[in-house]
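Written below as structure tokens is the structure these notes are about.
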Amino acid sequence: MSLSMALNVAKSSLQTSGVQTATTSRNIAGGKEDSYSRKSATVITGMGGTVQVVSIERSTDAALYKTMLKATSASAKQDALLDGLTKLSQTIGDPELNQSPAAKLGDLNNKLQQYAANPSNTILAQAVQSSANTLSSTLNQATTTVQTTRALADADMGASVQRINDLLAKIDTLNTTIVHGTVTGADVTDSMDSRDGLISQLSEEIGVSVVARDNNDVAIYTDGGVALFETHARQVSFQSTNVFNASTVGNAVYVDGVAVVGGSSSMPSNSGRLAGLATLRDEACVTYQSQLDEIARGLIEAFAESDPSGAGPNVPGLFTWPAGTVPASATIETGLAGVITVNPAIDPTAGGNLDKIRDGITYDYNTGNEAGFAERLNTLVTKLGEARVFDPNSGADPTNTLADYATSSASWLEFNRQQVDTSSTYQSTMLQRASEALSNTTGVNLDDELSKQLEIERTYSASAKLISAVDQMLQDLLNAV
């Protein structure tokens, strides 16, 4: 090998070592960032043994990255659903505190039995009135909680859509930089890391799948197959609903006019925070509201009065509602739990008479005006204990007593909350494992990087010594001449 060739080899080695040192330093500096992937310099050998860095590559694992995105979406959905179901469980409270509709219904039954045993006792009549007021208020407040939870979920859906659009705009900018940089041969690995981080954040809001294309370009679709990003970001739209009542139907989320979350869609997204919020708003809350409405309807039905002569219609008794009728059996009357009240005809403060609980409100069952008349009260106790038919679409036990139906409603809510809690814990664990696996494969190990730097330093030292030797030999040659 000639001295000039040896000098070229040594110079190329020094230059390559400089790039490799910069790369390992970059890895050490970026190792603490979640979205950072390990970088490595691709070195090739040229003519005469010279070396050069032709590109900077980043460590990737498409399969693990896909698994991590899927786990992120699944975990976000369960977390959003669990948060909402936890809010709904406030209508039940601690079972030992007896704050649920089922507990209040049991208390009313007990007070009614006590009054039936001593129908001339005004204090016991007042206890029935107070218990009935508490029960109706509990149903009213539970409805308020359900609709507030729906409204909060709807507002959170609006915030989620805004975040999706913001993330897509940032991805659009980065993707353009990456494609142009790849075409011109620039180092775009940091930009690709940033884009992956943004896509990971996007997967929290909505389930996504990523398709790699030429020049490091990507296309992003929802897990239902609707394009979110393809060359450019697609517009995601949603119209929030400010006020919710039991009959309100929330709006869907659209991507370029295609419904992807909420409402009916042939290509729905089934994971991500948006899907969890929509499931809470449109399914869990609606089902629980229907159960509350069926409890309210069962109360009006159980305490309804019928004309002893058979000539008049059935009318509400102790419990009533603005329509002033007895709702059809086994049919959900949407929002009834929010408007059910105790009949003011038995409220002395509203000009009513407590004795009408015993004697009848619209129809007079105590024609003899007997102070010890208990027949009507015993009939009410019997009706409360009778099995009746509830709407099977309500999700609770459709054929049972009113008390058992209320208990099954509380059980339905708590069972679903526990199921989602278990699923949330599982998905969170899956996400942690997937993230760790991806980090172990593509992340930075400081020990490895420091070891590489020592190797590079030894190579640098050897190259420097070679240059020094060549320099000395050239000097000796010149001196000889």
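The values are calculated or read from the model by the stated rules, or taken from the named source; none is laboratory data. In this text, all values refer to a predicted model and were calculated from it rather than measured experimentally. Glycine gets a Cβ as well: all are built from the backbone with ideal geometry, and neighbour counts include every protein chain shown.
For region 223-237, taking the residues that are exposed (fewer than 15 other Cβ atoms within 10 Å of the Cβ) and either outside the structural domain of S200 (by TED's automatic domain parsing) or not hydroxyl-bearing (S, T, Y) (or both), the one that is farthest from S265 (Cα to Cα) is identified as H232.
The set of residues in region 223-241 that are in contact (Cβ under 8 Å) with a residue 60 or more places away in the chain and out of contact with any Ser or Thr (no Cβ under 8 Å at 6 or more places or on another chain) comprises F229, H232, A233, R234, Q235, V236, S237, F238, S240. Checked against (1) surrounded by fewer than 19 Cβ atoms within 10 Å (Cβ to Cβ); (2) free of Cβ contacts under 8 Å to residues at least 60 places away in the same chain; (3) in contact with a helix residue (DSSP H, G or I) (Cβ under 9 Å, 6 or more places away or on another chain), I220 passes all but condition (1). Looking at region 137-147, can you tell me whether even one residue there is at pLDDT 95 or above, more than 24 Å from L402 (Cα to Cα), among the polar types (S, T, N, Q) and assigned to a helix (DSSP H, G or I)? No: zero hits. Scanning region 239-280 for residues that are surrounded by fewer than 23 Cβ atoms within 10 Å (Cβ to Cβ) and either of a type in the set (F, W, Y) or under 30 Å from V179 (Cβ atoms) (or both) yields a total of 6.
Checking L152, L112 one by one, the residue that is touching a helix residue (DSSP H, G or I) at 6+ places or on another chain (Cβ under 7 Å), part of a helix (DSSP H, G or I), at pLDDT 95 or above and not small (G, A, S) is L112 and no other.
Inside region 404-425, can you point out the residues that are in contact (Cβ under 8 Å) with a residue 60 or more places away in the chain and more than 21 Å from V146 (Cα to Cα)? Correct list: S423, S424.
For the structure I just gave you, tell me whether L318 is at pLDDT 95 or above and under 17 Å from the mean Cα position of the chain (by Cα).
no
Taken over region 118-136, the residue count meeting the criterion of being surrounded by fewer than 21 Cβ atoms within 10 Å (Cβ to Cβ), touching a residue at least 24 places away in the same chain (Cβ under 8 Å) and in a loop (DSSP other than H, G, I, E, B) is 1. Over 18 Å from P101 (Cα atoms), among the aliphatic types (A, V, I, L, M) and assigned by TED's automatic domain parsing to the domain that holds A102: does that describe A328? Considered against the rule, which asks whether it is over 18 Å from P101 (Cα atoms), among the aliphatic types (A, V, I, L, M) and assigned by TED's automatic domain parsing to the domain that holds A102, A328 comes out as yes. Counting only helices (runs of 4 or more DSSP H) that sit completely within region 375-481, those holding 2 or more residues that are surrounded by 14 or more Cβ atoms within 10 Å (Cβ to Cβ) and either within 28 Å of the chain's Cα centre (by Cα) or modelled with pLDDT of 90 or more (or both) correspond to 375-384, 402-442.
Mind listing whichever residues of region 206-221 are among the polar types (S, T, N, Q) and in contact with a Phe, Trp or Tyr (Cβ under 8 Å, 6 or more places away or on another chain)?
Passing the criteria: only S209.
Does region 284-299 include one or more residues that are modelled with pLDDT under 95 and of a type in the set (V, I, T)? Among the residues of region 284-299, not one is modelled with pLDDT under 95 and of a type in the set (V, I, T), which makes the answer no.
Here S160 qualifies as buried (at least 19 other Cβ atoms within 10 Å of the Cβ) and not in a loop (DSSP other than H, G, I, E, B). Across region 180-197, the qualifying residues are those that are crowded, with 19+ Cβ neighbours inside 10 Å and among the hydrophobic types (A, V, I, L, M, F, W, C), and the one among them that is nearest to D79 (Cα to Cα) is M192. If only residues of region 336-377 that are free of Cβ contacts under 8 Å to residues at least 12 places away in the same chain and β-branched (V, I, T) are counted, the one that is farthest from K104 (Cα to Cα) is T367.
Let's see how each residue does on (1) part of a loop (DSSP other than H, G, I, E, B); (2) touching a Phe, Trp or Tyr at 6+ places or on another chain (Cβ under 9 Å); (3) closer than 30 Å to D34 by Cα; (4) in contact (Cβ under 8 Å) with a residue 24 or more places away in the chain:
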position: Y65; (1), (2), (3), (4): no, no, yes, yes
position: K70; (1), (2), (3), (4): no, no, yes, yes
position: S73; (1), (2), (3), (4): no, no, yes, yes
position: D79; (1), (2), (3), (4): no, no, yes, yes
position: T86; (1), (2), (3), (4): no, no, no, yes
position: S89; (1), (2), (3), (4): no, no, no, yes
position: Q99; (1), (2), (3), (4): yes, no, no, yes
position: K104; (1), (2), (3), (4): no, no, no, yes
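Applying the selection to region 206-226, what residues are assigned to a strand (DSSP E or B) and within 22 Å of the chain's Cα centre (by Cα)? Within region 206-226, V208, S209, V210, I220, Y221, T222 meet the criteria.
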